[in-house]
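J.: Below: one structure in structure tokens.
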Amino acid sequence: RRLSFPSSLLRPAAARGVMVSFICDACQETVRKPKVESHYQRKCPNCWVLSCVDCGVRFEGDGYKSHNTCISEAEKYQGALYRAPAKAAGGKVDPQTRWTDLVARLAAETSTGSVSAGPQVVELLDKMAQLENVPRKQKKFCNFLNSAFHVPPNGPVAKELWDLLQKHWMADKEAEDKAKAEPESAAVKNAQAGESGGGACPVDSDKQNSKTEAKAESKKDQSADVSTDSAGKPPLEDAECAIKVRKEIKALMKAKKGEKVKVKELTADINKRLELGLKRKEIKAMLASKPKRFQLSTCGKLVSLQQ
């Protein structure tokens, strides 16, 4: 029978997210990084030089502590032919992996002094960098400190360590969100530049302009107020003025020889000849009041004489 193994065991150590392992030069035993201190204290007091199993680099004393991740066997033996495995859908990184990387990074930065922290916090970070199961939730994290390192969960050290991790976690998240937003904003700007630079079809733009003009004209018709003379009285309420306007309209319409005339043009001609300030709304109302003489179109913008 052919033996089958879980796919997680067949992946390289780096792909599974497993910590690096070392070979003790004194006893030749393979030791995982979290167990190095225990190995030195209980099994091999002569342990001083450790060699990485994957890359073969030798570390003296505590130098191994800065070596958190390493190349996989495939990357080591395939060299230039190596192709990294495809990332997860969307290129997202597992939050726990990001958290573990953050702990390891802060351990290195606090030990070098680039990030300020108390001596107990520095020591705890150095120990946690060797582990993979550091919780991300505050309550579980504090209980973890108590059970693993005997640190009071409600004490000042636990609070300082959690606040430090949360501060850098949020800063990393903001930087990641900003990096994602920049390409999106650039794409929007390019699209807007394409539209303003004549990217739209000329036919569509002409249609849009005609629609805009029609809307503006209809709004003007709706918002036009009734004109008044110097005494504050509408001119068409004066009988003599109304008769003059009707005669002038009839004369202008006859000059057109039965053609339809725009109410807008008719109003302009009347105001010019009689020196009035009539609105189209008033002319349309007068024309509508005399249906036997004048015929308005359905849209109310054209007028003709009744035959």
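The values are calculated or read from the model by the stated rules, or taken from the named source; none is laboratory data. Note that this is a predicted model, so its numbers are computed, not measured. Cβ sites come from the backbone with ideal geometry, for glycine too, and all protein chains shown count toward neighbours. Accessible surface is based on the protein model in full, side chains and every heavy atom, while ligands, DNA and RNA are left aside. Shrake-Rupley method; radii C 1.70, N 1.55, O 1.52, S 1.80 Å.
J.: Rank by packing, highest mean first: peptides 168-178, 277-287, with packing defined as the count of other Cβ atoms within 10 Å averaged across residues.
T.: Values: 168-178: 11.6, 277-287: 18.1.
Most protected by this proxy first, the peptides run 277-287, 168-178.
J.: First select every other residue whose beta carbon is under 10 angstrom from the beta carbon of Pro34; then total the charges, Lys and Arg +1, Asp and Glu -1.
T.: Within the 10 Å Cβ shell, the charges total +2.
J.: Taking H as built 1.01 Å from N, whose amide H comes closer than 5 Å to the amide H of Leu302, not counting residues under 5 places away?
T.: Here Val263, Ser297 satisfy the definition.
J.: Still on this structure, please answer the following. Send over a whole-number figure in Å² for the accessible area per residue of the stretch 94-171, probe 1.4 Å. Numbers along the way, then the final one.
T.: On the way: 4300 Å² over 78 residues.
I get 55 Å² per residue for this part.
J.: Label points 7 Å out from Cα along the Cβ direction at His150 and Lys250: separation in nm?
T.: Roughly 11.7 nm, to one decimal.
J.: Same structure, new question: Tally up the carbon and sulfur contribution to the accessible surface of the stretch 131-190 as a whole percent, 1.4 Å probe, everything protein left in place.
T.: Here it works out to 55 percent.
J.: Next up: Say the cut-off is 22 Å between C-alpha atoms; which of Lys35/Lys65; Lys65/Lys173; Lys244/Lys279; Lys247/Lys272; Lys140/Lys178 go over it?
T.: Lys65/Lys173; Lys140/Lys178
J.: Just to be sure I understand the model, the point goes 7 Å from the Cα along the line to the Cβ. What's the resulting Glu259 to Glu160 distance in nm?
T.: Between Glu259 and Glu160, the label points sit 9.4 nm apart.
J.: Let me ask something additional. How much length is gained if the chain between Glu37 and Ala268 is pulled fully straight, taking 0.36 nm per residue apart and subtracting their Cα-Cα distance, in nm to one decimal? Write down the numbers at each step before the final one.
T.: Working: separation 231, 0.36 × 231 = 83.16 nm, distance 9.95 nm.
Extra length available between Glu37 and Ala268 comes to 73.2 nm.
J.: Now for a different question. Which length gain, in nm to one decimal place, applies between Glu132 and Val57 when the Cα-Cα distance is subtracted from 0.36 nm times their residue separation?
T.: The Glu132-Val57 span can extend by a further 24.8 nm.
J.: Same structure, new question: Among residues other than Ser111 whose Cβ falls under 14 Å from its Cβ, what is the net charge (Lys/Arg +1, Asp/Glu -1)?
T.: Value of the local net charge: -1.
J.: Using label points projected 7 Å from each Cα along Cα→Cβ, tell me how many nm separate Gln96 and Lys140, to one decimal.
T.: Reported label-point gap for Gln96 and Lys140 is 0.8 nm.
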